[in-house]
């Protein structure tokens, strides 16, 4: 132990392919960004051009004092048509991972971070049970070609998020919802399918969607370990600190069970679980979200800045999943980097407190390395440790990047 953190503790930052690479034209969300009636505020475009600038970005991360990079591989690039695996894309991701090692960075690889190939969307997406088998085949191929370069694998990113969004009244989480939303109607027309079957990963909050994701995770994990049994495998969960205000306690208990705990129970089968927490959600007696009180500091989305929520979700994960915990995302959307510095300091202190109490926490990975494309919100939210000039793609590290590096060195 050193300063309370275990030897080999992972310190780093995360990205996701679609959000930083740019030009992911064969993915389902690229289509949804561009159709008439899209709920995306803007398209991803060239994003941060990380697909071409990854070497400089990884070198920069190492220069901050980090030892870990959570990155993803894009299914839409690797398998652009069903059963056809693209050698050039695989070679690209091999170079990304080799670059990590060149700079002393341990990669943690996410196999699916929200985006899927267009052909998957055209055949029922994440409501179609066949998607699980197709995902497993993809996992097997990625592991066979790249698995010698990483020790930690995340199958699916935030499979529980649609269920939280559904409780918040956000998005279209059922087939009937999608049938009445212009974005899905127009996407269905482009694909030549019924809008109800246009079921992307983050817009499937149904029992069918749960079953498909659960099967995909289990089959994907088995595919990975059949090729490389030494790789530790888990999934990453969007586990908010769900609380009940006066009269809302029972609602919060039930929502935690649906959104957090049933997914954590699945993690008992895995080598670890990744926890992704940005704050808390408080619900009133009617099951409505309670907004931050006047005068309480909020992030760019208007949500309360609440770093202590991370401690609740780490402890919940340890109690329910009973496997090692990695914080695979934690961050703050703000244009005031002094807020981010304080948030990171407070969050690291929360993690230290969990470890001091005997919780097996093995890493703290911030969302995110670069100011990037934040899905339906576009480029407005600023989560990055590094600012990106979208006109020139110039990177400018923020003080928070160096401060996190200082914290990593001081605890290592």
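Of the residues 196, 175, the single one that is on the phi < 0 side of the Ramachandran plot, buried (at least 18 other Cβ atoms within 10 Å of the Cβ) and in contact (Cβ under 8 Å) with a residue 24 or more places away in the chain is 175. Residues in segment 83-138 that are within 18 Å of the chain's Cα centre (by Cα) and more than 24 Å from residue 149 (Cβ to Cβ): 126 only. Scanning segment 13-34 for residues that are more than 30 Å from residue 192 (Cα to Cα) and out of contact with any helix residue (DSSP H, G or I) (no Cβ under 7 Å at 6 or more places or on another chain) yields a count of 1.
Conditions tested, residue by residue: (1) more than 17 Å from residue 28 (Cα to Cα); (2) touching a residue at least 60 places away in the same chain (Cβ under 8 Å).
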| position | (1), (2) |
| --- | --- |
| 154 | yes, yes |
| 163 | yes, yes |
| 168 | yes, yes |
| 188 | no, no |
| 202 | no, yes |
| 219 | yes, yes |
| 227 | yes, yes |
| 251 | yes, no |
| 257 | yes, no |
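Of the candidates 376, 305, the single residue that is in contact with a helix residue (DSSP H, G or I) (Cβ under 7 Å, 6 or more places away or on another chain) and in contact (Cβ under 8 Å) with a residue 24 or more places away in the chain is 305.
The single residue among 63, 124 that is modelled with pLDDT of 95 or more, surrounded by fewer than 19 Cβ atoms within 10 Å (Cβ to Cβ) and over 18 Å from residue 44 (Cβ atoms) turns out to be 63.
Evaluate segment 56-68: report whether one residue or more is assigned to a strand (DSSP E or B), more than 29 Å from residue 119 (Cβ to Cβ) and touching a residue at least 40 places away in the same chain (Cβ under 8 Å). Let's see the steps before the verdict.
Our first condition is that a residue be assigned to a strand (DSSP E or B); within segment 56-68, this holds for 68.
Add one more test, that the residue is more than 29 Å from residue 119 (Cβ to Cβ), and what stays is 68.
Then drop every residue that is not touching a residue at least 40 places away in the same chain (Cβ under 8 Å), which leaves 68.
The answer is yes; a qualifying residue exists.
Annotation note: of 329, 345, the sole residue that is at pLDDT 95 or above and under 24 Å from residue 153 (Cα atoms) is 329. When segment 229-238 is filtered for residues that are more than 22 Å from residue 134 (Cβ to Cβ) and in contact (Cβ under 8 Å) with a residue 60 or more places away in the chain, the ones remaining, listed by number, are 230, 232, 237, 238. Here residue 134 meets each of (1) part of a helix (DSSP H, G or I); (2) out of contact with any helix residue (DSSP H, G or I) (no Cβ under 7 Å at 6 or more places or on another chain); (3) buried (at least 18 other Cβ atoms within 10 Å of the Cβ) with one exception, condition (2).
Please tell me if residue 273 is touching a residue at least 24 places away in the same chain (Cβ under 8 Å) and surrounded by fewer than 20 Cβ atoms within 10 Å (Cβ to Cβ). In short, no. Looking at segment 379-412, which of the residues that are without any contact (Cβ under 8 Å) to a residue 24 or more places away in the chain and in contact with a strand residue (DSSP E or B) (Cβ under 8 Å, 6 or more places away or on another chain) is surrounded by the most Cβ atoms within 10 Å (Cβ to Cβ)? Checking each candidate, the answer is 384. The listed residues are 71, 99, 115, and the only one of them that is assigned to a loop (DSSP other than H, G, I, E, B) and farther than 18 Å from residue 223 by Cβ turns out to be 115. Restricting 8, 17, 4 to those that are in contact (Cβ under 8 Å) with a residue 24 or more places away in the chain, crowded, with 24+ Cβ neighbours inside 10 Å and under 30 Å from residue 411 (Cα atoms) reduces the list to 17. Please tell me if residue 108 is outside any helix (DSSP H, G or I) and either farther than 16 Å from residue 365 by Cα or out of contact with any helix residue (DSSP H, G or I) (no Cβ under 9 Å at 6 or more places or on another chain) (or both). Yes.
Only a single criterion out of (1) surrounded by fewer than 15 Cβ atoms within 10 Å (Cβ to Cβ); (2) under 24 Å from residue 315 (Cβ atoms); (3) free of Cβ contacts under 8 Å to residues at least 60 places away in the same chain is not satisfied by residue 354, namely (1). For segment 1-41, give me the residue count where each residue is more than 20 Å from residue 74 (Cβ to Cβ) and assigned to a loop (DSSP other than H, G, I, E, B). So the count comes out to 13. Number of residues in segment 276-324 that are surrounded by fewer than 17 Cβ atoms within 10 Å (Cβ to Cβ) and under 21 Å from residue 152 (Cα atoms): the value is 1.
Checked against (1) in contact with a helix residue (DSSP H, G or I) (Cβ under 7 Å, 6 or more places away or on another chain); (2) closer than 30 Å to residue 377 by Cβ; (3) crowded, with 17+ Cβ neighbours inside 10 Å, residue 147 passes all but a single condition, namely (2).
The values are calculated or read from the model by the stated rules, or taken from the named source; none is laboratory data. All figures in this text were calculated on a predicted structure; none of them were measured in a lab. Cβ coordinates were reconstructed from backbone atoms using ideal geometry, including for glycine residues, and neighbour counts include every protein chain displayed.
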